[in-house]
Amino acid sequence: MTVLYCLLHDFADPDILSCFLLVDGTQVPISDLEGKYVGLCFVVNGYGPVVQFTSVLAKIYEKLKAVGEKFEVVMVSLDGDEESFNESFADMPWLAIPQGDKMCEKLARYFELSGLPMLVLIGPDGKTLNDDIADIIDEHGPDAWEAFPFSAEKLEILAEKAKAKAESQTLESLLVTGDLDFVLGKDGAKVCL
């Protein structure tokens, strides 16, 4: 039994939490997380930085699933009501701790939540690998998946790629996308790049 499994069982309200939920209402037993990397994603409905973060995290999640990584995300909602929880959870492709379980507050205290977004990464052995990789994902966007499982070595490689990209950057590479190869002058005239 892993540390994560014990932690969740110790924190869980036994009358409520024996499994996690999927958006469609399917229940997934806590034991299904055994041997996987688990991201505990702390969220609050409607908070701009969380909304932006979770949309990028969803892309990373799908990419990691597509390449066969044993990775799961569990939404830890800090919303106070069912409606807010449902709105937060509706667009997310991962699991969630059911609304109303006191484990959400206990996990926030255990991991010393000090700001949002926050994503704690737990290893397959149940031990915390990184107590917040949200900044890494914010900095590198969807490309952050390349650093999974966010070890020092993988982060160094990601930083080198970002540095190479920055060194090869041009104004054109920043501003030109698809058919948009111009900027507008003050008079509204198109100025080609």
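List every DSSP H helix in the chain whose Cα atoms extend 24 Å or more along the helix's own long axis and whose mean Kyte-Doolittle hydropathy is at least -0.5.
Helices meeting the span and hydropathy rule in the chain are 48-66.
May I ask you to evaluate 6.51 cos²θ - 1.76 cosθ + 1.60, the Karplus curve with θ = phi - 60°, for each residue of the stretch 138-147 and list the ³J(HN,Hα) values in order in whole Hz, giving x for glycine and proline?
4, 5, 9, x, x, 5, 4, 4, 5, 8
Would you work out if the stretch 41-127 is rounded, prolate or oblate? Take a ≥ b ≥ c from the square roots of the eigenvalues of the alpha-carbon gyration tensor; rounded if a/c is under 1.5, else prolate when a/b is larger than b/c, oblate otherwise.
Note, shape of the stretch 41-127 comes out oblate.
Enumerate the amide H contacts of Val73 below 5 Å, restricted to partners 5 or more residues apart or on another chain; note that Pro and chain-start residues carry no placed amide H.
The list, which skips near neighbours in sequence, is Gly39, Leu95.
What distance in nm lies between label points placed 7 Å from Cα along the C-beta direction at Glu160 and Ala58?
Spacing of the two 7 Å Cα→Cβ label points: 3.4 nm.
Summing Lys, Arg as +1 and Asp, Glu as -1, what charge do residues with Cβ under 13 Å from the Cβ of Ile122 carry, Ile122 excluded? Can you show the working numbers first?
On the way: positive: Lys36, Lys70, Lys127; negative: Glu34, Glu72, Asp125, Asp131, Asp132.
Charge balance near Ile122 sits at -2.
For the chain, what are the per-bin percents of Cα-Cα distances with bins 5 Å wide, up to the bin holding the maximum?
1, 7, 14, 18, 18, 13, 9, 6, 5, 4, 2, 1, 1, 0
So which trypsin sites (Lys or Arg not before Pro) in the stretch 62-158 pass both tests, a DSSP loop state and at most 11 other Cβ atoms within 10 Å of the Cβ?
Within the stretch 62-158, the qualifying trypsin sites (Lys or Arg not before Pro) (loop, at most 11 other Cβ atoms within 10 Å) are Lys127.
Going by amide H atoms built from the backbone, whose H comes under 5 Å of the H on Phe20, apart from near neighbours?
Under 5 Å from the amide H of Phe20 lie the amide H atoms of Val28, Ile30, each far enough along the sequence or on another chain.
Accessible area per residue of the chain at 1.4 Å probe, in Å²?
On a per-residue basis, 56 Å².
Can you put Val67, Val50 in order of accessible area, largest first, using a 1.4 Å probe?
Val67, Val50
Gaussian network model of the chain, Cα springs within a sub-10 Å range: biggest mean-square fluctuation belongs to which of Phe111, Phe42, Phe71?
The residue that fluctuates most here is Phe111.
Counting only protein heavy atoms, what percent of the accessible surface of the chain is carbon or sulfur at a 1.4 Å probe?
So the carbon and sulfur contribution to the accessible surface is 51 percent.
Would you kindly derive the ³J(HN,Hα) couplings of the stretch 131-136 from the backbone phi angles with the Karplus curve 6.51 cos²θ - 1.76 cosθ + 1.60 (θ = phi - 60°), listing them in order in whole Hz, with x for Gly and Pro?
Whole-Hz 3J(HN,Hα) from phi for the stretch 131-136: 7, 5, 9, 4, 5, 5.
Summing Lys, Arg as +1 and Asp, Glu as -1, what charge do residues with Cβ under 14 Å from the Cβ of Phe53 carry, Phe53 excluded? Intermediate results must be reported in sequence, preceding the final value.
Details: positive: Lys59; negative: Asp91, Asp132, Asp135, Asp138, Glu139.
Taking every Cβ under 14 Å from that of Phe53, the sum is -4.
Taking θ = phi - 60°, what integer Hz values does the Karplus form 6.51 cos²θ - 1.76 cosθ + 1.60 yield along the stretch 181-189, in sequence order, with x for Gly and Pro?
10, 8, 10, 9, x, 4, 8, x, 6
The values are calculated or read from the model by the stated rules, or taken from the named source; none is laboratory data. These numbers were taken from a predicted model, which means no experiment stands behind them. Virtual Cβ from ideal backbone geometry, glycine too; neighbours counted across all protein chains shown. Side chains included, ligands, DNA and RNA excluded: accessible areas come from the protein's heavy atoms. Shrake-Rupley method; radii C 1.70, N 1.55, O 1.52, S 1.80 Å.
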